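Have a look at the structure below, then the notes.
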Amino acid sequence: MTLMTRLACGAAALALSAVAAVAEPALIFDLGGKFDKSFNEAAHTGAERWKAETGGTYKELEMQSEAQREQALRRLAETGADPIVMTGFAFGDVLNKVAPDYPDNRFVIIDMVVDQPNVQSVVFTEEQGSYLAGIAAAKASKTGTVGFIGGMDIPLIRKFQCGFAQGFKAARPDGTVLVNYTGTTPAAWNDPVKGGELARAQKSQGADVIYAAAGGTGIGVLQAAADEGILSIGVDSNQNHLHPGKVLTSMVKRVDNSVFEAFSNPDAITPGVKVMDLKSEGVTLAMDDNNKALMTDDMVKAIDEARAAIVGGTLAVHDYMTDNACPVE
Amino acid sequence: MTRLPRWADLVLTPLISLALAFAISALVILAIGQSPWMALKTMVTGALGSSYGWGYTLYYATNFVFTGLAVAVAYHAGLFNIGGEGQAALGGLGVALVCLALPWPHWALALPAAMIGGAAFGALWALIPAWLQAKRGSHIVITTIMFNFIAAATLNYVLVNLMRPVGSMDPATARFPAGTVLPRLTDMAAAVGIEWGKATPANVSFLVALAACGLVWALIWRSRLGYEIRAFGKSERAARYAGIPPARITIVAMLISGGLAGLMAINNVMGESGRLVLNSVEGAGFIGIAVALMGRNHPLGILLAALLFGFLYQGGGELALFTAIPRELIVVIQALVILFTGALDNMVRMLIAPLFARRGTP
């Protein structure tokens, strides 16, 4: 009896959700999962904000294997989800293949350019935000040595690293940037213990400001830096509040805004590349009460000047992706 | 302990283990407030209920057949090869190099070449731990585990720095030329007029996997080398006394094992993605250990166990994708199956042994 009831309930719930599914927006998270404390979680935050403000519902899928990407995209497209937003460059190849089969669906891909008439590609200028973080680090450092801790050694993270090094060297040509990567498997994105160890190792080499671009691993970096009495710089979301007064700033990448905009106004989704840069505040440095005391006037002035120069076009930050090389070490 | 009849050992024990694993999984699903019956239904229909589901199940199973056979061959020689993951990753590199090296005119030419490339890279990756075991006595379990990490680091370096097209964000190679695209099982079914498994990744590699099962069976039980491998695995001292050189058997068995693991790449790298991505193996090397354990290191058993794990992967994927059950729970279910079929095998055997003892069956 109970089994039958449960079955009936399940079937009813399934039928209901099928009805509600028409023209729901959808969000696909990459293998990191939606609670990665970083990139995917930012997308999740944006979607949740849309849900809270509009009362709407959306579909979400988390990948578990590479072979599922195509499966998930096709299934969502066939159920009529619109728009379909996906996070991460790894979807690029598959989306390029799938999008032409569903010309009536609109797709948004974050962190990758896919050239199809029904796809909007949202890319962030991480090098610009990291450049400003580099300047902040240069001004805050007493020893002249700062650290960079990445997750996996992939092009995207080198883009962060290169921008950071450029900003630091611009403000302090004689300084040193120490660079470490956490690992070579996807586990490197979620290894706070190792992140903490790397931060301590960099401190012992003289670093007194450490920039972490390593997803969940960064939590360990920020913790170790706070414990050791040195400064850290957070990434992706505003992480200033994690250790008030000990996190210099955060290089914020507004993935949440991109998801929110796509969900709220699907008709405004235009095919082509949408660049989220300093100008459109797609990337920025987080300033709030938690780091107010750390930001000296001199520092704020230097950051504002650099920001104005980059936005005005008089200063070009080199993008690692254009030639797979970085002009500074 | 009472010896079980053969059928009970081979069929009944795994089935009871499976039932126990699913029963506990059902309790876990109940505990998080979901219906186990709905979950089972989603898994079965998602993995086996349509030609679409079968297309995915067979794709995953193909991976597991190769890695399962790899573990089994080494196991018969008394070696525990935990390095399937790394060997398959390097096999992927071999396949990618072969596919990108020439503008292949037809897949029938590209496939044998890619098989040689994948198997050679996988075998060479297994050679170093094998040599260290044979000549230096470094334990193969430790070295093969460590070689998984070295393989991951090597692949990362090669993909990010050497083989990635400039300007591409994805640490992956370029697409392989059109002449290397393997026919999917869909296309093969369509050729004989059957509509089967639309848009699924199962491809001709599945047939290669079946052939590999046959060849491994012939090698282990019908060849001189297989006899030597088994003799060495059962008792190294007896084998030595019979004139079987231990170093040679260790190295040859590991080369075959690594080669089989490397062969997996024709399925996931050449057949599915058509390019080499960073995360291409996705744990299939480790699943191979469970598959070999459950399949009693016999090719037929491995094929069945691989199908079971293919079902768990695809059904679990459906569960995580399209129900409210979180994806972490799928790992719990898979772990329970491995725990019961692999580690707690003897427990089940001890439980059912009295039943047979009382009946007086031998």
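Just a few scattered comments:
- Near pairs, Cβ below 6 angstrom, 6+ apart or cross-chain, from region B:319-342 (in contact (Cβ under 8 Å) with a residue 40 or more places away in the chain) to any residue that is outside any helix (DSSP H, G or I): B:L319/B:I325; B:I325/B:Q34
- Scanning region B:238-245 for any residue that is over 16 Å from the mean Cα position of the chain (by Cα) and in contact (Cβ under 8 Å) with a residue 40 or more places away in the chain turns up nothing.
- The residues on offer are B:V204, B:V181, and the sole one that is in contact with a helix residue (DSSP H, G or I) (Cβ under 8 Å, 6 or more places away or on another chain), within 14 Å of another protein chain (Cβ to nearest Cβ), buried (at least 18 other Cβ atoms within 10 Å of the Cβ) and within 23 Å of B:P103 (Cα to Cα) is B:V181.
- Condition check for A:D36: away from chain B (no Cβ under 14 Å), surrounded by fewer than 23 Cβ atoms within 10 Å (Cβ to Cβ), part of a loop (DSSP other than H, G, I, E, B) and of a type in the set (D, E, K, R): no
- Long-range neighbours under 9 Å by Cβ, at least six apart or interchain, first residue more than 14 Å from chain A (Cβ to nearest Cβ) within region B:280-305, second assigned to a loop (DSSP other than H, G, I, E, B) and basic (K, R): B:I302/B:R296; B:A305/B:R296
- Per the listing B:G271, B:G259, the residue uniquely in a helix (DSSP H, G or I), crowded, with 24+ Cβ neighbours inside 10 Å and at pLDDT 95 or above is B:G259.
- From the list A:K159, A:K169, the one residue that fits, being over 17 Å from the mean Cα position of the chain (by Cα) and at negative phi, is A:K169.
- As a summary of the residue check, A:W189 satisfies the conditions (1) in contact with a helix residue (DSSP H, G or I) (Cβ under 7 Å, 6 or more places away or on another chain); (2) buried (at least 22 other Cβ atoms within 10 Å of the Cβ); (3) under 14 Å from A:S130 (Cα atoms) except for the one numbered (3).
- Every condition in (1) among the charged types (D, E, K, R); (2) part of a loop (DSSP other than H, G, I, E, B); (3) in contact (Cβ under 8 Å) with a residue 24 or more places away in the chain holds for A:K139 except the one numbered (2).
- Just so you know, in region A:245-275 the residues that are at pLDDT below 90 and in contact with a helix residue (DSSP H, G or I) (Cβ under 8 Å, 6 or more places away or on another chain) include one that is surrounded by the fewest Cβ atoms within 10 Å (Cβ to Cβ), and it is A:A268.
- For region A:276-329, a residue qualifies if it is crowded, with 17+ Cβ neighbours inside 10 Å and of a type in the set (G, A, S), and the qualifying residues are A:G282, A:A286, A:A302, A:A306.
- In region A:75-95, the residues that are part of a helix (DSSP H, G or I), within 10 Å of chain B (Cβ to nearest Cβ) and under 24 Å from the mean Cα position of the chain (by Cα): A:L76, A:F89, A:A90, A:F91, A:G92, A:D93, A:V94
- Selection of region B:129-142 for residues being among the aliphatic types (A, V, I, L, M), modelled with pLDDT of 95 or more and either farther than 20 Å from B:F286 by Cβ or touching a His at 6+ places or on another chain (Cβ under 9 Å) (or both) yields only B:L132.
Yes or no, residue by residue, for (1) within 13 Å of chain A (Cβ to nearest Cβ); (2) assigned to a helix (DSSP H, G or I):
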site: B:K135; (1), (2): no, yes
site: B:V141; (1), (2): no, yes
site: B:F149; (1), (2): yes, yes
site: B:A153; (1), (2): yes, yes
site: B:G167; (1), (2): yes, no
site: B:D170; (1), (2): yes, no
site: B:R175; (1), (2): yes, no
site: B:D187; (1), (2): no, yes
site: B:A190; (1), (2): no, yes
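- Taken together, B:A120, B:A114, B:A130 contain a single residue that is part of a helix (DSSP H, G or I), in contact (Cβ under 8 Å) with a residue 60 or more places away in the chain and within 18 Å of the chain's Cα centre (by Cα), which is B:A120.
- When we screen A:A43, A:A72 for residues that are more than 14 Å from chain B (Cβ to nearest Cβ) and touching a residue at least 12 places away in the same chain (Cβ under 8 Å), the only hit is A:A43.
- Applying the set (1) closer than 22 Å to A:P173 by Cα; (2) touching a residue at least 24 places away in the same chain (Cβ under 8 Å); (3) assigned by TED's automatic domain parsing to the domain that holds A:A199 to A:V221 leaves exactly one unmet item: (1).
- With respect to the conditions (1) closer than 20 Å to B:I333 by Cβ; (2) surrounded by fewer than 24 Cβ atoms within 10 Å (Cβ to Cβ), B:Q314 lacks only one, and its number is (2).
- Which listed residue, of A:V113, A:V108, is in the same structural domain as A:A268 (by TED's automatic domain parsing), in contact (Cβ under 8 Å) with a residue 24 or more places away in the chain and assigned to a loop (DSSP other than H, G, I, E, B): A:V113
- Within region B:235-279, if we keep just the residues that are more than 14 Å from chain A (Cβ to nearest Cβ) and hydroxyl-bearing (S, T, Y), the residue that is nearest to B:L90 (Cα to Cα) turns out to be B:S257.
- Residue check, A:A18 modelled with pLDDT under 85 and either within 24 Å of B:V160 (Cβ to Cβ) or within 13 Å of chain B (Cβ to nearest Cβ) (or both): yes
Quick grid of which residues meet (1) surrounded by fewer than 23 Cβ atoms within 10 Å (Cβ to Cβ); (2) closer than 21 Å to B:L69 by Cα:
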position: B:I116; (1), (2): yes, yes
position: B:L132; (1), (2): yes, no
position: B:V141; (1), (2): yes, yes
position: B:T144; (1), (2): no, yes
position: B:G167; (1), (2): yes, no
position: B:A174; (1), (2): yes, no
position: B:V192; (1), (2): yes, no
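- Here A:E127 meets the list (1) farther than 15 Å from A:A306 by Cα; (2) touching a Lys or Arg at 6+ places or on another chain (Cβ under 6 Å); (3) not small (G, A, S) almost entirely, failing just condition (1).
- Filter result (out of contact with any helix residue (DSSP H, G or I) (no Cβ under 8 Å at 6 or more places or on another chain), of a type in the set (G, A, S) and farther than 18 Å from A:K59 by Cα) within region A:80-98: A:G92
The values are calculated or read from the model by the stated rules, or taken from the named source; none is laboratory data. Just so it is clear, the structure is predicted and the values come from calculations on it, not from any experiment. Ideal geometry is used to build each Cβ from the backbone, glycine not excepted, and the neighbour counts take in all protein chains shown.
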